[in-house]
Amino acid sequence: MCRPRLPVDRGTWAVTRTKRSYRRRRHITVTSLLLLVLAVVLGPTPSSAAGGDWWNPTARPAPDSGVGVTGEPFTGTAADGEVRGFVDAHDHIFANEAFGGRLICGRPFSEQGIAEALKDCPEHYPDGSLAVFDFITKGGDGRHDPVGWPTFKDWPAHDSLTHQQNYYAWVERAWRGGQRVLVNDLVTNGVICSVYFFKDRSCDEMTSIRLQAKLSYDMQSYIDTIYGGPGKGFFRIVTDSAQARDVIKQGKLAVVLGVETSEPFGCKQVLDIAQCSRADIDKGLDELHALGVRSMFLCHKFDNALCGVRFDSGTLGTAINVGQFLSTGTFWKTEKCTGPQRDNPIGNATAAEAEKKLPAGVAVPSYAADAQCNVRGLTDLGEYAVRGMMQRGMMLEVDHMSVKATGRVLDIFEAASYPGVLSSHSWMDMDWTERVYGLGGFIAQYMHGSEGFVAEAERTEALRDKYRVGYGYGTDMNGVGGWPAPRGADAPDKVTYPFKSVDGGSVIDRQTTGQRTWDLNTDGAAHYGLVPDWIEDIRRVGGQDVVDDLFRGAESYLDTWAASEQHRPPTDLAKGATASASSSEWSLFTSYEPHRAVDGDNGTRWASDWSDDQWYRLDLGSTRSVRQVTLDWERAYGTSYRIELSTDGANWRTVWSTTAGDGGLDTARFTATPARYVRIHGVQRATDWGYSLYEVGVHGS
């Protein structure tokens, strides 16, 4: 949920492309910030049945929205056994229940019917004068025609950020157009809720998350009812990858629950003091898992007790920085980046309305242009949460994490060969892309306009070929981000209605709800039902190749999910090993002896004397096949060091070395080699101190 940076506009594309071969990837057995959507317990009115057509409701409410698609949805798998279909990796169906329940207006469904579901918030009547959040997100005075059903004069629209875009029949249209996975991110933000003028419920984040999870299941039941009974609807909430694969084979929509919130498990920080514990994290992860949540963000918009965030820029960034202060008692802090990755520039823009919320005498600080990285990374509690997610087979969203936090997460996942990493809506530094793919993770691009989307897809095309993966999109609908504007009725390669679905089995015409008919060329991506039209626009602008990658998205997403579920941590041969070292730093207050780096406690460490040539050695007890060594460095790390192996403790063989160590968590992989002894030989220090390691891990074949 955000307004992501757009790729460079490369103009209008009119390209005919040759379809490339594709080999199946092997299965490896958040004030203008965040928003979501909601619904109420339902019970529709019957309408005419649709014969034996399983894809048509037998009791759709009357009146209701049209879908505008004819033809049977595709079922089964491709010839090679892969599931087919598009994946939206980031949507917020129930954001209307977030932020106190009055920020996003309208519901995705209502048992009272569409007129009750698609109506504006009461404070928006008669002319939108009190639509305060619209002033911030859209500019101008916020005035608009509040009437939804049946006229829909001013909303939904591609630039109307406070009105429901996920009505169930619009989601139905996206499914009929070929989408087979939808990640429904349960979302809220306690600070936005507390400062927004209108609300009708508590601002507690977990209370909102629980409600949105319940309503997701209620929406499934509602759709089942209009389709003829339990299990018959297209909208199927899934809790494991095998279940998702079966749903897609049936031609239905697999719905995955995720979480995007700023203080999960109550893990906020106040004046740099964490307000949660490890027990809170365990309890929270267990509760979310029981609710069916399988992916989540650990931080979003504001730094919390788990991790630092990737900044927002400009006026919006300043407004969020004010929220950061109101939430934590501190503003964002920056430093010069140490690598090629960058957090978004904060800038020094003003946000007058937001800054009025600050106490007298407090002002948003200025930031140096060359200091663009958040000083905050992944905290000890954050690392505990990451490892807790791994233990539960959950997938971690790195979008919104600071560069420092993302780097540490990727280090941890690489050390454990854990694939469950997601970037779902273009909020990750592009230089992380190959590391995500190398782990077996999944990447989706924000729902940019077709020209921008195609340009970014082509930039990363070679990497998708290399790692044999499909591609996804993150619509972020109801996420206050803004969506593709109309290209115009006279645009080159515009969408021509009707058109065929990607699989060729359905015909898609303009979509009508009430008295309003939408056309992507002149309306842009106004609501979820226009996702198929947007995909057709991508095809006409960029060619079939990009769409083919998107059509393989469901398979790749399920690959990542399945590998996360099936992951088992490698055995650590260093556990219980005898440790020795060339030296150990002496301290009156604690021990820095060698065994402290293999005691399973990241709070203890080995530290050497303050000179370059030092070594640390492990005796595994017997000769084992060794293929990986992990080193979790303290601030005193080695820039140049090597990994040596021996069977007898006398004759050593160098199997890995570096002269560009940068600290943190290093993973050295090499050809499996017989060894009883493992030695880390320090050649050059990075600091005036010695070498210091929190933990050393050794892994075999």
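The values are calculated or read from the model by the stated rules, or taken from the named source; none is laboratory data. Values in this document were obtained by computation on a predicted structure and should not be read as measured data. Because the Cβ atoms are built from the backbone with ideal geometry, glycine has one as well, and the counts that use them run over all protein chains shown. The accessibility values were calculated without ligands, DNA or RNA, using every heavy atom of the protein model including side chains. Shrake-Rupley method; radii C 1.70, N 1.55, O 1.52, S 1.80 Å.
If I ask for residues that are assigned to a helix (DSSP H, G or I) and open to solvent by 60 Å² or more (accessible area, probe 1.4 Å), which ones from segment 194-210 would you list? Across segment 194-210, the qualifying residues are 194, 207, 210.
Among 247, 191, which is the only one that is closer than 22 Å to residue 561 by Cα and crowded, with 17+ Cβ neighbours inside 10 Å?
Numbers: 191 fails: closer than 22 Å to residue 561 by Cα.
Answer to the selection: 247.
Residues in segment 668-696 that are small (Gly, Ala, Ser), open to solvent by less than 30 Å² (accessible area, probe 1.4 Å) and either in contact with a helix residue (DSSP H, G or I) (Cβ under 7 Å, 6 or more places away or on another chain) or not in a strand (DSSP E or B) (or both): 1 in all. Among residues of segment 453-481 that are farther than 12 Å from residue 550 by Cβ and of a type in the set (A, V, I, L, M, F, W, C), those with a beta-carbon under 7 Å from a residue that is in a helix (DSSP H, G or I) and modelled with pLDDT of 95 or more at least six positions away or on a different chain give the pairs 463/433; 463/434; 463/437; 477/528. Set side by side, the residues 152, 74 differ, and just one is over 23 Å from residue 255 (Cα atoms), of a type in the set (A, V, I, L, M, F, W, C), at pLDDT 95 or above and buried (at least 16 other Cβ atoms within 10 Å of the Cβ), which is 152. Say whether the condition of being of a type in the set (Lys, Arg) and open to solvent by less than 10 Å² (accessible area, probe 1.4 Å) is met by at least one residue in segment 458-469. For segment 458-469, residues of a type in the set (Lys, Arg) and open to solvent by less than 10 Å² (accessible area, probe 1.4 Å): present. Annotation: residue 561 fulfils all but one of (1) open to solvent by less than 30 Å² (accessible area, probe 1.4 Å); (2) touching a Ser or Thr at 6+ places or on another chain (Cβ under 7 Å); (3) part of a loop (DSSP other than H, G, I, E, B); the unmet one is (3). Residues in segment 609-621 that are more than 41 Å from the chain's Cα centre (by Cα) and farther than 17 Å from residue 582 by Cα: 621 only.
Looking only at residues of segment 521-548 that are among the β-branched types (Val, Ile, Thr) and over 25 Å from residue 82 (Cβ atoms), we find that the one that is least open to solvent (accessible area, probe 1.4 Å) is 541. Look at (1) assigned to a strand (DSSP E or B); (2) surrounded by 15 or more Cβ atoms within 10 Å (Cβ to Cβ) and you find that residue 619 fails only one, number (2). Which of (1) assigned to a helix (DSSP H, G or I); (2) in contact with a Gly (Cβ under 9 Å, 6 or more places away or on another chain); (3) within 29 Å of residue 94 (Cα to Cα) does residue 452 not meet, given it meets every other one? That leaves (2) as the condition not met.
If you check residue 669 against the conditions, is it over 22 Å from residue 569 (Cα atoms) and modelled with pLDDT of 95 or more? So residue 669 fails the test.
With the structure loaded, tell me whether residue 405 is open to solvent by less than 10 Å² (accessible area, probe 1.4 Å) and part of a helix (DSSP H, G or I) or whether it fails that test. Spelling it out, residue 405 is indeed open to solvent by less than 10 Å² (accessible area, probe 1.4 Å) and part of a helix (DSSP H, G or I).
Number of residues in segment 657-667 that are among the hydrophobic types (A, V, I, L, M, F, W, C), closer than 19 Å to residue 694 by Cα and in a loop (DSSP other than H, G, I, E, B) equals 0. For segment 357-397, taking the residues that are closer than 23 Å to residue 338 by Cβ and of a type in the set (Ser, Thr, Tyr), the one that is most open to solvent (accessible area, probe 1.4 Å) is identified as 366.
Cβ separations smaller than 6 Å between residues 6+ apart or across chains give the following pairs from segment 397-416 residues that are within 26 Å of residue 572 (Cβ to Cβ) to residues that are assigned to a helix (DSSP H, G or I) and open to solvent by 10 Å² or more (accessible area, probe 1.4 Å): 410/435; 413/439. Considering segment 622-656, and only residues there that are assigned to a loop (DSSP other than H, G, I, E, B) and under 35 Å from the mean Cα position of the chain (by Cα), the residue that is farthest from residue 680 (Cα to Cα) turns out to be 635.
For every residue, the table says whether it meets (1) closer than 23 Å to residue 219 by Cβ; (2) open to solvent by less than 10 Å² (accessible area, probe 1.4 Å); (3) touching a helix residue (DSSP H, G or I) at 6+ places or on another chain (Cβ under 7 Å).
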| position | (1), (2), (3) |
| --- | --- |
| 86 | yes, yes, yes |
| 98 | yes, yes, yes |
| 101 | yes, no, no |
| 104 | yes, yes, yes |
| 107 | yes, no, yes |
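If you scan segment 411-436, which residues turn out to be outside any loop (DSSP other than H, G, I, E, B), farther than 12 Å from residue 399 by Cα and either open to solvent by less than 10 Å² (accessible area, probe 1.4 Å) or of a type in the set (A, V, I, L, M) (or both)? So that I can check it myself, show each step before the final result.
We begin by selecting, within segment 411-436, every residue outside any loop (DSSP other than H, G, I, E, B); these are 411-416, 421-423, 430-436.
Filter again for farther than 12 Å from residue 399 by Cα, leaving 411-416, 431, 434-435.
Those that are outside any loop (DSSP other than H, G, I, E, B), farther than 12 Å from residue 399 by Cα and either open to solvent by less than 10 Å² (accessible area, probe 1.4 Å) or of a type in the set (A, V, I, L, M) (or both): 412, 413, 415, 416.
Scanning segment 109-119 for residues that are under 21 Å from residue 131 (Cα atoms) and either open to solvent by less than 10 Å² (accessible area, probe 1.4 Å) or not in a loop (DSSP other than H, G, I, E, B) (or both) returns 115, 116, 117, 118.
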